[in-house]
Amino acid sequence: MRQTPDSTTSNTKSPVLYKKISMAVAKKQAQELTKFARANQLSVNIAGKQYMHVEGWQFIGTLNGLTDIVQTCERVPTEGKEIKYKAVVEIINQNGTVISRGFAFASNLEKKKTSFEEYAVASMAQTRAIGKAYRNFLAWIVKMAGYEATPFEEIDKDKMESDLGKAKQNVFKALKDAGYTDSSEMVKIIEVATHKSVIENVTDAHKVLKYLEELDG
């Protein structure tokens, strides 16, 4: 992993903020993350993709000697009944050096959060900021483990599932327009394009549409 210069120093030689992570170490950590996540049910399938809860991100951070510190969590001035918070989180190494920061917002006007008390809104802002801070430099290991590079807490589940539904509709319309009306023919096209028998996510849908364009061209 690339070394990151400390933005708080003016020295020409920047200190090493954290040790480089070799590919072998990264692969081992990815395997440990997968075991930990499965044992503790820390990932969620949304629209065909796996997203890791913030506890998983903290786990991979701990493996690298890192800790998250909430620096601020303040209420944002709003109008009406909205309760909104902004949190800032720093990731520090064992020497106490800040190597990453993340910030995030949370509001009780978000879907499924209208019943949240003020403390719950503040807590959600902190949780999101923690995930964002770790994501900035450890996403590649999480991705290596088979999970998406975005923490679960940042995902709009309803929108993603809606987008997948629309993407599937577009695929089936495109298949019919191309003359594939038999279900077995459709499955064959999907298998060729995605190496799967079903469309699991939006990426799969795009692959099928691209394949149909290539056939038509």
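Tabulated data for the structure shown
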| item | result |
| --- | --- |
| Projected label distance in nm at Thr181 and Ala24, using a 7 Å step from Cα toward the beta-carbon | 6.1 |
| Fully extended contour minus Cα-Cα distance, from Ala120 to Asn40, at 0.36 nm per residue | 26.5 nm |
| Relative contact order %, segment 26-68, counting alpha carbon pairs below 8 Å whose residues are six or more apart | 32 |
| Distance between modelled label sites at Gln71 and Glu191, nm, 7 Å Cα→Cβ extension | 5.4 |
| Length released on extending from Val198 to Asn95, taking residue separation times 0.36 nm less the Cα-Cα span | 32.2 nm |
| Trp140/Leu109 FRET efficiency (R0 25 Å; Cβ-Cβ; nearest 0.05) | 0.15 |
| Efficiency of FRET between Lys157 and Tyr211 - r from beta-carbon atoms, R0 22 angstrom, step 0.05 | 0.20 |
| Reachable lysines, given that their alpha-carbon falls under 18 Å from the alpha-carbon of Lys173 and they are not under 8 places away in the same chain | Lys188, Lys207, Lys210 |
| Residues of segment 110-143 with amide N under 14 Å of a point placed 7 Å along Cα→Cβ from Thr78 | 110-126 |
| DSSP loop GluC sites (Glu not before Pro) with at most 10 other Cβ within 10 Å excluded, longest remaining stretch of the chain | 118-217 |
| Set of aspartates and glutamates near Lys168 by C-alpha distance (under 18 Å), chain-local residues within fewer than 8 positions excluded | Asp158, Asp177, Asp182, Glu185, Glu191, Glu200, Asp204, Glu213 |
| Size of electric dipole in the chain: Cβ of Lys, Arg +1 and of Asp, Glu -1, about Cα centre, debye, nearest 20 | 640 |
| Alpha carbon convex hull of the chain, projected area averaged over orientations, nm² | 17.2 |
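No value in this document is a laboratory result; all are computed from the given coordinates. Everything numeric in this text was worked out from a predicted model, so none of it was measured. In this analysis, Cβ positions are derived from the backbone assuming ideal geometry, glycine residues included, and neighbour counts consider all displayed protein chains.
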